[in-house]
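Before any comments, here is the structure.
The values are calculated or read from the model by the stated rules, or taken from the named source; none is laboratory data. Computed from a predicted structure; not experimentally measured. In this analysis, Cβ positions are derived from the backbone assuming ideal geometry, glycine residues included, and neighbour counts consider all displayed protein chains. Please note that ligands, DNA and RNA were not included when accessible areas were found on the heavy atoms of the full protein model with its side chains. Shrake-Rupley method; radii C 1.70, N 1.55, O 1.52, S 1.80 Å.
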Amino acid sequence: MVLSNTDLDFDAIVIGAGISGLYQLYRLRELGLRVRVFERGTGVGGTWYWNRYPGARFDSESYSYAYSFSQDLLDEWDWSEHFASQPEILRYLQHVADKFDLLKDIQFSSAVKSAVYHDGTRSWEIRLQDGNSYRSRFLITGIGNLSQPTLPKIEGIESFEGKSFHTSRWPHAPVNFAGKRVAVIGTGATGVQTIQEVSKDVGHLTVFQRRPNWCAPLHNSEIEPDEMEVIRAGYDAMFERCAQTRSGFIHTVDPRGTFEVTAEERYEFWEQLYAGRGFGIWQGNFKDILTDPKANKAISDFIADKIRERVNDPLVAEKLIPKDQGFGTRRVPLETNYYESYNRENVELIDINETPIERITQNGILTTEKELEFDFIIYATGFDAVFGSYNAIDIRGVNQRKLKDQWEEELATLLGIQTNNFPNLFMIMGPHAMQGNNPRNIEFNVEWITAKFLEKMAEGDGKPIHESTPHEARAFASEISELAGPAPKMERVEERTIEGTDGEATLRILVPFEYSRGVLVYYHGGGWVTGSPDEYDTVARKLAERTSCAVVLVEYRLAPEHRYPTAVDDSYVALEWVGEHLSEIAGQEVPLIVAGDGSGGNLAAVTAIRARDRSGPPIALQVLIYPVTDADFDRPSYSDPENGFLLTRDAMIWYWDQYLPESSRRTEPGASPLHTENFQGLPPAVILTAEHDVLRDEGEAYAARLQEAHVPTDLQRYVGQMHGFFTLLMLPGSELGFQQVVRAVRACTARAHKSQTI
Ligand code: NAP
């Protein structure tokens with residue numbers, strides 16, 4: 001197992017033993033890795049270990065908010081309520097830990113103080129608060145996005161002599177409120193759950209509210225055994241639905257607009273939702289309640305009337321109705337008799353905008369009106385969301401760069417899972433991760449980290465390209481291309497096989513609209529060894545859609561089976577064929593453009609030169625994306641250690657060895673277009689280079705030669721980007737590159753169109 005490195009204490013360290021950490025541990029162990037989980041609590045559960053406040057429970061349906069990965073677990077676990085309470089949830093997670101024998105790899109009472117990446121050994125050093133430190137190759141954070149509590153900044157908070165707790169740091173032993181004077185500060189989802197529960201048995205409860213929230217009924221109930229069987233039978237369909245819905249909940253947005261139905265139908269629907277379970281009224285409402293201000297006002301008025309109906313004192317009811325936000329624009333707390341709590345004699349609501357808190361005293365809380373004495377103060381004041389958990393650990397990456405500093409400058413992540421400069425650090429539920437039905441997203445994150453990344457590294461033996469066989473290199477390239485995601489639909493897709501010089505080349509013609517504004521012949525990258533139209537399909541379709549040009553993907557024959565100049569010959573034959581069939585492809589006479597990335601950029605440049613020299617089809621524009629233009633591995637961009645992402649110097653040497661082993665021929669202009677003597681008369685060029693790419697300097701040298709020869713050339717270096725950024729569509733840099741290419745192609749086709757119409 002190449003992922004394993006016995007010089008290090010562990011192969012992977014996971015921080016946190018909540019829903020994220022437990023599942024990640026399970027999956028890493030399946031890969032055969034040596035894993036250690038560090039957890040600061042004394043047991044598993046994460047959120048559900050810490051949040052033990054009275055009334056804490058799921059407000060998503062229990063069965064939708066649990067793991068889906070194990071059929072066995074789904075088969076054997078019965079939920080007792082539609083919205084399980086914290087003790088039951090904790091029992092569930094303890095059961096998971098036992099069932100999968102996870103405890104042996106979890107070290108409790110172990111808060112992580114720092115995590116530092118060492119460039120030399122390419123490993124992470126994790127130091128605990130107790131001073132012990134451990135090394136591993138991979139670091140995975142399962143630290144939650146709501147785990148660092150925030151206390152209000154109120155003067156005197158330390159002076160209170162009664163008992164006080166933040167809801168997420170609740171004592172493990174039961175707290176007896178009978179007959180006591182209790183204050184709750186905060187009326188978010190947590191405050192609401194706490195208030196409605198505590199109000200039942202306190203002597204007197206005072207709620208300090210800064211802003212009310214729009215709350216809706218939870219409608220919890222027990223699950224009878226036969227109902228559980230029905231739920232179980234529907235698991236597959238339910239998880240499938242969660243994968244499709246907004247935020248992963250089981251509720252599906254109603255496709256109708258609020259005012260597309262009669263007033264009677266509208267109110268009937270809302271009554272049904274209000275009487276229904278869970279987030280239906282928020283997530284399953286009309287499609288426009290969060291986008292049309294009039295629709296939002298209508299549903300807000302509906303809920304406000306419900307509050308007025310349920311709260312006896314009209315003045316209190318008005319205080320509980322939000323005036324500064326519409327329904328659903330903030331997270332909707334779900335409640336059980338929350339509003340009725342305020343009908344109790346022993347419950348008082350203080351709006352701190354009217355009656356501000358001045359300070360906390362030894363005995364209680366001093367407002368601008370009077371001092372109120374309390375036995376308990378409960379802070380339901382929320383969390384330092386997302387960043388709090390990361391900032392609590394001193395995390396440093398390449399060159400000791402602090403994660404906190406990097407994110408203060410720019411918050412950029414790959415799917416919220418990885419971030420630049422922090423190699424082999426994976427975040428579960430990191431910034432940019434979907435918020436909503438968290439366990440659904442946690443499973444997605446863990447699957448991505450394990451199956452899409454680590455497993456593939458293991459399968460490919462984690463070998464660098466230059467130690468791989470062409471077969472292995474192709475498998476890796478194909479995996480990476482899967483990240484491109486879904487592709488836009490085309491008006492027409494055609495495959496054509498054409499005669500090459502001594503064989504056949506295949507073309508995939510992607511036509512976005514009935515009439516195209518140009519035809520762009522695209523040569524894929526992959527070091528002349530890997531890549532295919534399938535792998536470039538999404539990129540090509542997106543280019544087609546955004547440029548309004550037909551894109552022709554060329555399946556040229558690959559090395560080492562077919563060495564130089566086969567790829568060049570195939571590329572040129574394809575260009576000639578397209579040149580002859582322009583109006584058939586585009587529905588009209590349009591400009592012809594060549595484009596390609598990496599080795600495909602090399603083929604595009606070489607083809608443009610050949611077309612000029614052989615009086616071939618006129619080319620209106622060449623788009624060269626980090627093109628290979630030379631075989632000189634001594635340029636500075638090859639030796640900069642920051643330039644090794646996705647393509648290294650060794651890999652480039654290996655690609656050339658496959659493509660053109662005789663090094664004496666590599667300076668032929670057909671292989672290295674930078675060695676072309678005459679650049680005059682070549683088509684205008686758009687050249688993209690990446691700052692951290694070994695190919696950067698040769699791409700820029702090519703631009704300089706074109707400019708010297710007065711060929712209009714638009715060169716753009718993408719700062720902070722690595723080789724391959726253009727086709728990694730999920731990266732923000734890719735979008736910037738796309739915008740430049742789309743602008744250039746559109747300008748070129750617009751010019752041609754204008755000259756035709758004049
Ligand atoms: P929250 O939504 O951030 O609410 C914090 C509350 O404290 C707000 O009412 C806030 O008022 C108030 N507050 C903060 N500082 C204050 C101050 N200095 N003085 C007075 N009031 C102050 O936190 P939360 O209720 O703990 O909920 C956080 C998240 O946890 C939720 O969004 C939800 O995602 C999750 N949660 C989930 C469940 C569940 O699944 N069952 C249950 C509870 C929570 P303002 O509104 O004026 O800021």
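Remarks
- When the helices of the chain are scored as -39500 (n - 2.57) per DSSP H run of n ≥ 4 and the total is divided over every residue, the value at 222 nm lands at -10000 deg cm²/dmol.
- Placing a label point 7 Å from the Cα of E309 along the Cα-to-Cβ direction, the residues of region 253-277 whose backbone N falls under 14 Å of that point are 267-276.
- Measuring nothing but protein heavy atoms, the accessible surface of region 20-102 at 1.4 Å probe radius is 42 percent carbon and sulfur.
- In Hz, Karplus ³J(HN,Hα) per residue of region 286-294 (6.51, -1.76, 1.60; θ = phi - 60°; x = Gly, Pro): 3, 5, 10, 5, 9, 10, 10, x, 5
- Chain lengthening between R246 and R344 when straightened (0.36 nm per residue, less Cα-Cα): 31.5 nm
- Rounded to whole Hz, the Karplus (6.51, -1.76, 1.60) HN-Hα couplings of region 631-645, x for glycine and proline: 10, 9, 8, 9, 5, x, 5, 6, 9, 6, x, 7, 9, x, 5
- Mean-position separation - Cα centroids, region 393-434 and region 636-664, in angstrom: 28 Å
- Here's how it looks for Y523: its modeled amide H is under 5 Å from those of A595, G596, D597, which are all 5 or more places away or on a different chain.
- Between amide H atoms placed 1.01 Å from N, distances below 5 Å from T367 occur with E358, L372, all of them 5 or more places distant or on a separate chain.
- Label point distance in nm, Y274-N421, each placed 7 Å from Cα along Cα→Cβ: 5.2 nm
- Counting only Cβ charges, +1 for Lys and Arg and -1 for Asp and Glu, the dipole size of the chain around its Cα centre is about 1440 debye.
- Overall form of region 381-458 per C-alpha gyration tensor (a/c, 1.5; a/b vs b/c): oblate
- FRET efficiency, A475 to T262 (Cβ-Cβ, R0 60 Å, nearest 0.05): 0.55
- For region 515-532, 3J(HN,Hα) computed residue by residue from phi via the Karplus equation (6.51, -1.76, 1.60; θ = phi - 60°) reads 10, 9, 8, x, 10, 10, 8, 10, 9, 6, x, x, x, 6, 10, 10, x, 6 Hz, glycine and proline entered as x.
- Peptides ranked, highest mean first, by Cβ atoms within 10 Å: ranges 362-372, 645-655, 564-574: 564-574, 645-655, 362-372
- In this calculation the C-beta distance from E700 to E514 is compared with R0 = 45 Å, giving a FRET efficiency of 0.70.
- Dipole orientation for the chain: of the candidates L205, A385, I140, L205 has the Cα lying most toward the positive pole (charges on Cβ; Lys, Arg +1; Asp, Glu -1).
- For region 539-620, the dipole from Cβ point charges (+1 on Lys and Arg, -1 on Asp and Glu) about the Cα centre works out to 240 debye, to the nearest 20.
- Selected from L575, G326, P533, residue furthest toward positive end of dipole (the chain; charges at beta carbon): G326
- Shape of region 472-757, Cα gyration tensor, a/c cut at 1.5: rounded
- Aspartates and glutamates whose Cα lies under 12 Å from that of K404, excluding same-chain neighbours fewer than 8 positions away: D394
- For E81, residues with placed amide H under 5 Å, excluding near neighbours: I223
- With all protein chains modelled, accessible area of W48 [1.4 Å, Å²]: 30 Å²
- Near P171: Cβ cut-off under 14 Å, other residues only, Lys/Arg at +1 and Asp/Glu at -1. The net charge is +3.
- Cα-based Lys pair tally, region 157-379, threshold under 30 Å, eight or more apart or on separate chains: 25
- Projecting the Cα atoms of G191, M228, I303 onto the dipole axis of region 157-379, where Lys and Arg carry +1 and Asp and Glu carry -1 at the beta carbon, places G191 farthest toward the positive end.
- Report note on the peptides 255-263, 285-293, 527-535: ranked by the mean count of other C-beta atoms within 10 Å, highest first, their order is 527-535, 285-293, 255-263.
- C-alpha long axis of helix 438-447 to longest principal axis of the chain, angle in °: 30 degrees
- Listed peptides 631-642, 32-43 appear in the order 32-43, 631-642 once ranked by packing, highest mean of other Cβ atoms within 10 Å at the front.
- Dipole size of region 157-379 about its Cα centre, with +1 on Lys/Arg Cβ and -1 on Asp/Glu Cβ: approximately 660 debye, rounded to the nearest 20.
- Inter-probe distance in nm under a simple model that places probes 7 Å from Cα toward Cβ, at D502 and Q107: 6.3 nm
- Multiplying the residue separation of Q680 and D640 by 0.36 nm and subtracting their alpha-carbon distance yields 11.2 nm.
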